Each structure stands twice: as C-alpha cells, then as structure tokens.
Amino acid sequence: MVMAKVSILLGYKCNNNCLFCYCGDKKDLIPPLSTQEAKRKLELGRKQSSDFVDLLGGEPTIRKDLPELIEFAREIGYKTVSITTNGRMLSQRDFAEKLVEVGLNHIIFSIHGHKAELHDSLTRVNGSFEQLSQGMKNFKEISPDSYCCTNTVILKQNINHLPEIAEKCIELGADGMEFIFPHPRGNAKKNFDKLVPHLHELIGNLQETVNVGVQNGIKHIAIRYVPLCYMRGIESFAGEYSRLSGLREIHLAAEFDDFNVEEGRREEGRVKGPQCIACTKHDECEGIFKYYAEKRGFSELIPVG
C-alpha cells in the first residue's frame, strides 16, 4: 500500500514575518480554517489511508484550538501527529507539555541561523532564536522519545553557515535535518534577488553540512529542491532519494486540496534545461524551479556524465 503523509495548512497567519515566507502574500487574503473545517480536513486525510499528519501554516501554535485538533487527530486514528513550527510558543513549557499530553509525537522546527543575529534578521522578530532554542529544549525534555526534525531554508544570508546551523540543530536535540532550496513564491519571489543563492554557491557547503550530520549519527538528512548535478557525491541525501519509497504527499488547505504534491511539483513547478537530456540523472532529477529558470536561465546546470 502506498504510504500517504497529509499536511494540513491551517492558515497563513504567523507570529514571525520571515523575509522568505512562501505564503507571505496570503496572510491577509485567505482566512484560516475554522476548527470544524480543520477537523473535516483531518477526516479527509484519514480517508486517503494516511496515519501521518503534519499541522502547519503559517504558524499552527498561535491557534487556540491546536490542542483540540491534535487530540482529535489521535482519536480518529493518526499514529503520527506532527506540527511544523517556528518553536516560539513552545518556549512556554506548560504549552509544550499540553501539546505532548494530547498526542503530539513528532515535530519539525524551522531554524535558519546558528546565532540569534542571523536567525532573527531573517524572521524579522528579535528574540525568535532564543525562543526557538528554548522550545526545542522543552520538547526534547518533555518527550525524549518523540521525533524531532529541523528544516532550514538555504539563503544567501546563511549559505556559508549551513554546517554551523547543522551543529546547532544537533546541539538542540534534532533527530533529523532538512535543508531546503527556496521555493520562489510569496516573499521569496518578491525578494528573489536578495535571498536566493546561485546554485554554484552550494558547492562545498552542502558536502560539509552533510558531513556534520553523518559524523554525529543523524539518520535523516535531506537536501530538498537542489538539482542532482549539485549533489555529486551526496546524491543519497537528495530529496528525490530521501523520501520513503512510494510515499505520497497530500496538502490540504483552505483554498485547495492537492492529493499528489510530488507529481504536481515535478510536472508543473520544476523544469530542466536542454542540456539535461544528456544527464545520467535525468529521470530521477526534478530540475530547478521555473521561476529560477526565468530569472537566471539554465547555464548553471551541468549534466552528470
């Protein structure tokens, strides 16, 4: 049976204001799901044979009904209930305890710098790094057997600090780490030239970052949305390969339902250059985002022989 992971976008409001936010253009346009609407999305996910749900946004922890939604998810049969969060609200230990008490057993923390100066400059909230760090510590202390992953958006501002960010994630208790080339939507599209690195800037930084994880026994390390010609020597950590075989991603939101995210991204969101035909990784690779190609062309793509 094909495994399905359901991600429910509860709404786009957030207590951060990240320079690169993919939904920065939706915050004031699309209202969040009501509690009952969110529960219907949870039920829809179960009908897709999924027992893994990730609640995200925006920022899910600013919703007063989050404990109720987590508890409901467990009641209707989800074995893994996760949130993707900036971690700030979990710095309040009683709040973190409440989420674990009602059934939260998996978490993804967004961390974009190894120090407060860098992270806070990207989230545009002073103190967000300190709160995130405390939130991770609280979660690991309260629920040490639960899975804790991190995600980091790769930007011009942090690309030379990716290994140090990996070290900080491990220090804070991460069991897994993902590093994500920015999807040029929302604020990331608006600030493209300021934020999005050239592919050639990845050389060396990705290898060193992976090495940090491997040397510290991190079992799940993924580099997402980077073409495979820039993953030479570390191909097994590419998003195309790191996903569970046969995993189907489903995204449910207020304004859309997408029952096969991976396929849609391959067919609609990504593109390859004419030289990619000769690449030995052609069939596996997703290529680059279309907007990246519109802005910078295909000259950086170098076929793997």
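The values are calculated or read from the model by the stated rules, or taken from the named source; none is laboratory data. Bear in mind that the values here come from a model prediction, so they are computed numbers and not experimental data. Every residue, glycine as well, gets a Cβ built from its backbone with ideal geometry; the counts of neighbours run over all protein chains shown.
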| said: Every residue in the range 1-40 that is polar (S, T, N, Q) and under 18 Å from the mean Cα position of the chain (by Cα), please. | reply: Ser7, Asn15, Asn16, Asn17
| field | Residue, farthest from Ile62 (Cα to Cα), within the range 1-24, restricted to residues that are crowded, with 20+ Cβ neighbours inside 10 Å and in contact with a Pro (Cβ under 8 Å, 6 or more places away or on another chain) | value | Phe20
| note | Taking the range 248-305 and keeping residues of a type outside the set (Val, Ile, Thr), assigned to a helix (DSSP H, G or I) and modelled with pLDDT of 95 or more leaves Pro274, Gln275, Cys276, Ala278, Lys290, Tyr291, Tyr292, Ala293, Glu294, Lys295, Arg296
| task | Could you identify the single residue in Asn138, Asn126, Asn105 that is crowded, with 19+ Cβ neighbours inside 10 Å and either under 21 Å from Gly58 (Cβ atoms) or in contact with an Asp or Glu (Cβ under 9 Å, 6 or more places away or on another chain) (or both)? | result | Asn138
| task | All but one of (1) closer than 18 Å to Thr61 by Cβ; (2) part of a loop (DSSP other than H, G, I, E, B); (3) small (Gly, Ala, Ser) hold for Ala174, so report the exception by its number. | result | (1)
| Matching residues in the range 267-297 - criterion: being of a type outside the set (Gly, Ala, Ser), surrounded by fewer than 16 Cβ atoms within 10 Å (Cβ to Cβ) and out of contact with any Cys (no Cβ under 6 Å at 6 or more places or on another chain) | Glu267, Glu268, Pro274, Gln275, Ile277, Thr280, Asp283, Glu284, Lys290, Glu294, Lys295, Arg296
| Counting only residues that are at pLDDT 95 or above and exposed (fewer than 14 other Cβ atoms within 10 Å of the Cβ), which one in the range 217-232 is nearest to Tyr292 (Cα to Cα)? | Arg232
| said: Which numbered condition in (1) surrounded by 14 or more Cβ atoms within 10 Å (Cβ to Cβ); (2) out of contact with any helix residue (DSSP H, G or I) (no Cβ under 7 Å at 6 or more places or on another chain); (3) not in a helix (DSSP H, G or I) is the only one that Gln207 fails? | reply: (3)
| Only one of (1) in a strand (DSSP E or B); (2) in contact (Cβ under 8 Å) with a residue 60 or more places away in the chain is not met by Gly11, so which one is it? | (1)
| query | Only one residue in Leu42, Leu19, Leu33 is touching a helix residue (DSSP H, G or I) at 6+ places or on another chain (Cβ under 8 Å), part of a loop (DSSP other than H, G, I, E, B) and farther than 24 Å from Leu132 by Cα, so which one is that? | reply | Leu33
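Consider Leu69 carefully, then state whether it is more than 19 Å from Asn151 (Cα to Cα) and touching a strand residue (DSSP E or B) at 6+ places or on another chain (Cβ under 8 Å).
Criteria met by Leu69.
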| message | Here is a check on your reading of the model: is Arg46 in contact with a Gly (Cβ under 8 Å, 6 or more places away or on another chain) and not acidic (Asp, Glu)? | response | yes
| request: Give the number of residues within the range 45-60 that are in contact (Cβ under 8 Å) with a residue 40 or more places away in the chain and either closer than 21 Å to Lys140 by Cβ or within 21 Å of the chain's Cα centre (by Cα) (or both). | output: 11
